[in-house]
């Protein structure tokens, strides 16, 4: 089993390589606490802040379903309207239980701003085939797609402390508008993620539907 000290040393190493436009975090999967994060982090979180363990477990389940231990290059927009590229590494013990999650968030707003210029420069170049990575997702499984949407919206809202009704409602509204609740499996998955009882979730959804009308 890899030790926490080794993981912290690895996080420091990665942080020094990536520089100030990135943040590296080590999450404790048992209690959700941040064990290490670089100074001047993008999200302004600190060591000791507690994240929802259900989010970490959801990431782990996604990895297990794809027979991997990592998720690379998920694009999200922060509250400051910057483009963030997120990658996660699951660290499991010898019995396969999730122990830690290494998370790397990279602010790639600057790269996104030059993307149209690059696309223009490489357009109509004969037989030269240049592909700009658009993070294509060929997942055919409905539950997999739903899980991706839930993770995307939670990260987009930058909601890691989900104690308040307002925080939960902000995520639910985004999921509702994207049609997540049309999928039967969505209700138990969202209830687990946001730590909400199903009757409470249905009450919130009725409130959202009423406001939409």
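The values are calculated or read from the model by the stated rules, or taken from the named source; none is laboratory data. This is a predicted model, so every value here is computed, not measured. Neighbour counts are summed over all protein chains in view; Cβ atoms, including those assigned to glycine, are modelled from backbone coordinates with ideal geometry.
With respect to residue 15, is the statement that it is without any contact (Cβ under 8 Å) to a residue 40 or more places away in the chain, more than 23 Å from residue 192 (Cβ to Cβ), in a strand (DSSP E or B) and in contact with a strand residue (DSSP E or B) (Cβ under 8 Å, 6 or more places away or on another chain) true?
It is false that residue 15 is without any contact (Cβ under 8 Å) to a residue 40 or more places away in the chain, more than 23 Å from residue 192 (Cβ to Cβ), in a strand (DSSP E or B) and in contact with a strand residue (DSSP E or B) (Cβ under 8 Å, 6 or more places away or on another chain).
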Quick check on region 142-177: of everything there that is within 17 Å of residue 189 (Cβ to Cβ) and assigned to a loop (DSSP other than H, G, I, E, B), which residue is modelled with the highest pLDDT?
162
Being modelled with pLDDT under 85, within 26 Å of residue 13 (Cβ to Cβ), touching a strand residue (DSSP E or B) at 6+ places or on another chain (Cβ under 7 Å) and surrounded by 19 or more Cβ atoms within 10 Å (Cβ to Cβ): is that true of residue 105 here?
no
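For residue 51, state whether it is assigned by TED's automatic domain parsing to the domain that holds residue 87 and touching a helix residue (DSSP H, G or I) at 6+ places or on another chain (Cβ under 8 Å).
Details: assigned by TED's automatic domain parsing to the domain that holds residue 87: yes; touching a helix residue (DSSP H, G or I) at 6+ places or on another chain (Cβ under 8 Å): no.
Taking the combined requirement at face value, the residue does not satisfy it.
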So, in region 1-11, how many residues would count as being surrounded by fewer than 14 Cβ atoms within 10 Å (Cβ to Cβ) and in contact (Cβ under 8 Å) with a residue 12 or more places away in the chain?
2
Members of region 56-102 that are more than 19 Å from residue 1 (Cα to Cα), under 15 Å from the mean Cα position of the chain (by Cα), part of a loop (DSSP other than H, G, I, E, B) and free of Cβ contacts under 8 Å to residues at least 60 places away in the same chain:
82
